[in-house]
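One structure below.
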Amino acid sequence: ILGAGGDLVAISPQTAEHSSEFAAERGLRFPVLHDPGNQVADRYGLTWTMPVPMRDMYLGWNIDLAGYNGDESWRLPIPARFVVDSDGVIRYAESDPDYMVRPEPEETLEVLRGL
């Protein structure tokens, strides 16, 4: 991404502390920004509320989503990727509610190279 002239930034509903820990544990070399209460994700229509049976599974696995995200809403962002040009215009957008479906990195690089 850097070689194609871009910058990479991730946005997460996790608290700033948890985002920093996550980035450090994985050796990420790009910023992971905190989106309290999914405010940014909401603006793009990219949130969903976890259904109660799924919440119960998470709690059974000792996953404290409220603690990680700093709110009790059980709302999560839908994974999305955007390419924004230097004028702030979105040139590419991709999202899918299934977190396993992601665009190929080459798609993003092609868009960056074309800017």
* By how many nm would the segment from LEU33 to ILE90 grow when fully extended, if each residue of separation counts as 0.36 nm and the alpha-carbon distance is taken off? -> 18.7 nm
* Only Lys, Arg, Asp and Glu count, each charged at its Cβ (+1, +1, -1, -1), so figure out the dipole size of the chain about its Cα centre, rounded to 20 debye. => 60
* Asked: Just how many % of Cα pairs in the chain lie over 19 Å apart, if you round to the nearest whole percent?
  -> 54
* Asked: Measuring with a 1.4 Å probe in the full set of protein chains, what accessible area per residue, in whole Å², belongs to the chain?
  -> 69
* Rel. contact order, % - alpha carbon contacts under 8 angstrom, at least six apart, region 1-106 -> 21
* Multiply the residue separation of ARG113 and MET57 by 0.36 nm, subtract the distance between their alpha-carbon atoms, and state the gained length in nm to one decimal. => 15.9 nm
* **Rounded percent of accessible protein surface that carbon and sulfur make up, the chain, 1.4 Å probe** => 54
* To do: In Å³ and rounded to a whole number, note down the convex hull volume per residue for the Cα atoms of region 2-48.
  => 89
* Structure fact -> Rounded to the nearest 10, the angle in degrees between the Cα long axis of helix 105-114 and the longest principal axis of the Cα atoms of the chain comes to 40
* To do: Can you grab the distance from the C-alpha centre of region 4-58 to the C-alpha centre of region 84-115, Å, no decimals?
  => 17
* To do: Heavy atoms only, probe 1.4 angstrom, no DNA, RNA or ligands counted: give me HIS18, HIS34 ranked by accessible area, highest first.
  => HIS34, HIS18
* Structure fact -> Computed ³J(HN,Hα) along region 39-46: with the Karplus parameters 6.51/-1.76/1.60, θ = phi - 60°, integer Hz and x for glycine or proline, the list is 4, 5, 4, 4, 4, 9, x, 10
* Asked: chymotrypsin sites (Phe, Trp or Tyr not before Pro), restricted to region 60-115: which are DSSP loop and have at most 15 other Cβ atoms within 10 Å?
  -> TRP61, TYR99
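The values are calculated or read from the model by the stated rules, or taken from the named source; none is laboratory data. Quick caveat, the model's predicted, so the values are computed rather than measured. Counting neighbours? That spans all protein chains shown, and the Cβs are built from the backbone with ideal geometry, glycine included. Protein only, heavy atoms only, side chains kept; ligands, DNA and RNA dropped before computing areas. Shrake-Rupley method; radii C 1.70, N 1.55, O 1.52, S 1.80 Å.
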